[in-house]
Amino acid sequence: ARGSVESSSKGQRSSSLKAESSSSSETKVTDDARISSSLLSACLDVFVAMAKNAPENKFLKENSDKVAAILGPCFTRLMRPHGGESSLCQQVRDFLLPVLSDPKQQALDDAAMRRVNVLIESLMLEAVGSESSQQASSSSGQKESRDSRSSSREEKGPGASHGSFFSVDLIKEAYASFPGIIETFESSLLCLAENLCLKHIQEATSSQRQGGLYPKQGANKIYRQKYPTPVSGILDMVCSTTSIPDISGTATKATANAPEPGYKRQLPAFGTALRSLTTTLRLLASSNILHTFNEARATLLRVISSLLDSSDSVQVVMTAMTIVGDWLLAGCRSGPLTSAERMAFLKKIASFDLSGLSDVALQPISDLVADIVMELHQAFSKDLSVECGEDEVLPIARALLGCSLNPNPQIRNLILARLCTKKEAKEITAGFQDFSPLDLLRQLFNSDFGGLGCRMWTMTFVEVLLSACCAHADRPGSDHQPRDAWLPKPCKEALAKSSVLRVTDESTAFKASIARELESTNMAISTLAHGDFSLCQSLLDSLLSNAWLKLPGDESRQAMIPALEGLLSQPYYSQFIRVPRLVNVCDTVAGETSRSINAVRSFIGAIVKFRPLPVVDSSVLAIAGEKYNCWHEALTLLEQQYEILSLNSLGEKGELLKKATLSAI
């Protein structure tokens, strides 16, 4: 009986011990929360002091299990909203950074190091877990009040963002001394980047649906209206709340309830989530993940591509663009991208101006893209066929033209220096000295303006022709006469026709000074034309008609017509370009505010002034007049063509052209 009682008491005692052990695991988190922060801070101070001052001491390694047990509550506090105590974060960083940066010292044993890695990964992926749990609860049909959802988002969101940024920043600092650390956390970093990218794109899309300032491109490839040039867009946005002069000269102040300038409300906040995303992308790009064809490689490329297409953050887009630029500049063979991937990213770079960012926000991105494109063009111009494939010529040329309207005049001059490169020379010249009107028009008419489809790409014609005018100007102290005075030089012609001035040394010096000032004058005119559409149109009419007039003969003009028709037939031009606010107020161009402006309408308006007049395909003009709202210009050109065909007997072909022109009219 005594034995049975003792055995029953032992069974009860063992069952009670099992119950205590099972309940201890359930109350582990509660126990971690009850541990004093001052006690954890004191332990971390000891760890940091020993790791820095006595790395040869074996105390930490011999007590690795206890060190890992102390680090657990510390990471639990880092998961709290706003990242817990800042002092505790710094102490954890100070202790783990030398441990992760120099694994050869073996400050902790393998089991403790694995525990530390698990803690870092759990802290990194806390944002992913909270986001997936929120999605699961919403999909299961659970109904929660708006207050409870907002409170839960405030509790998990900031802490999760701070925790992921703490882990990613710790890995980044350790990577500077030990690059192999990326392989340990590669899968976790990739999962974090994918989820942060998805969340960022969803937020950008929701802000556009709620009436954002500039809705961006979607699946239907419908872009917002752009300004004629980035310079005009910047001026219009900056001057949106300042006083605007009207025709009478009086200043009209903006209304009191006028909206905030676009450049101030366009940029989203660059918080911890976006900082974690950019840092994670840089770490993954520096790893060897792209050198192995697997799902991880495809995921990283998909994340970069999605950010280039849909991100509304300047910092995120610049980070993705920098990574892609490094991949492209690495070359075809030594780089990590395949030929198809290089072509896809080249097209994305060439169309960077089609994004939904404002012109003010696009300034640093456009400078970065111009730098990448110029380096790619430099590599190809040196005939580095090993590094650049022949199929990349057109995308590079399109990207180069896409940068020709950069707001920075110095970058525009560098782009123009590469636009005037002859194919047979394959080198970058200093100007247009060796270019005849035939060379210039052939190069301009056969250019791909897809990167400027939503802009007034005719401004590139003005830039090139003005630069050619400057290049053919007389140089002081030179007996060489310009072989083609095909662009208007009012100052020089006035001096040549003047009967008052005598040919003396003073008059010669005066003419030389005017020739020297011509270059700076043309640069000033070009800068003004970027901000004034009416001046741009006047320059286009004058320069382009003079270049057409100075072509060698009718055969060369006839050979230019197919390229001219192809330029007008491209499908990527924008039908509507945003009219700057100054044009609306001042109404400097008659009729410009009543009808939409676009590059095709501007270009056909310049063709009308060509002498001799080219006979353009009537179907091309009819389609352009219908699609781009330029009936007035197209009808004027068709009527002039019909009159020319009626006055000249061109045989059967001429009769067919005459009937087609009349049908189009």
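The values are calculated or read from the model by the stated rules, or taken from the named source; none is laboratory data. In this text, all values refer to a predicted model and were calculated from it rather than measured experimentally. Neighbour counts run over all protein chains shown; Cβ positions are idealised from the backbone, glycine included. Ligands, DNA and RNA are stripped out before the accessible areas are found, and what is left, the full protein with its side chains, is counted by its heavy atoms. Shrake-Rupley method; radii C 1.70, N 1.55, O 1.52, S 1.80 Å.
Using the Karplus equation 6.51 cos²θ - 1.76 cosθ + 1.60 (θ = phi - 60°), what ³J(HN,Hα) coupling, rounded to whole Hz, does each residue of the stretch 281-287 give in order, writing x for Gly and Pro?
5, 5, 5, 5, 5, 7, 8
At 0.36 nm per residue, and after removing the present C-alpha to C-alpha distance, how many nm does the segment from Ser305 to Phe270 gain when stretched out fully?
10.6 nm
Mind listing P(r) for the stretch 618-665? All alpha-carbon pairs, 5 Å bins, whole percents.
For the stretch 618-665, the binned pair fractions read 5, 25, 31, 20, 12, 6, 2 percent.
Skipping prolines and chain starts, which residues have an amide H placed within reach, meaning under 5 Å, of the one on Ile577, given they are 5 or more residues away or on another chain?
Those lying under 5 Å, H to H, from Ile577 are Ile597.
So, in nm, how far is label Arg581 from label Ser87 when the simple model puts each one 7 Å beyond its Cα toward the Cβ?
Label at Arg581, label at Ser87, 5.1 nm between them.
Figure the gain on full extension for Glu655 and Leu97 (residue separation times 0.36 nm, minus the Cα-Cα span) and round it to one decimal in nm.
Values: separation 558, 0.36 × 558 = 200.88 nm, distance 8.44 nm.
Separation in residues times 0.36 nm, less the Cα-Cα distance, equals 192.4 nm.
Tell me, what is the FRET efficiency for Glu626 and Ala340 to the nearest 0.05, using R0 = 41 angstrom and their Cβ-Cβ distance as r? Let's see the in-between values first.
Details: r = 37 Å, r/R0 = 0.90.
Calculated transfer efficiency: 0.65.
Mind giving me the nanometre distance, one decimal, between the label points for Gln640 and Asp371, set 7 Å out from Cα along Cα→Cβ?
My value for the distance between the label points is 4.6 nm.
Measure off 7 Å from each Cα along the Cα-to-Cβ vector at Asp110 and Gln225, then give the distance between these two points in nanometres to one decimal.
Here the answer is 6.8 nm between the modelled labels.
Here is the link list: Lys52/Lys199; Lys348/Lys627; Lys52/Lys172; Lys61/Lys199; Lys226/Lys658. Which ones come out longer than 30 Å on Cα distance?
In this structure, Lys52/Lys199; Lys61/Lys199; Lys226/Lys658 lie more than 30 Å apart at Cα.
For Ser538 and Glu203, what is the calculated FRET efficiency with R₀ set at 51 Å and r taken between the beta-carbons, to the nearest 0.05?
0.70
Compute, for Met79, the solvent-accessible surface of its heavy atoms (probe 1.4 Å) with the complete set of protein chains present, and express it in square angstrom to the nearest 10.
60
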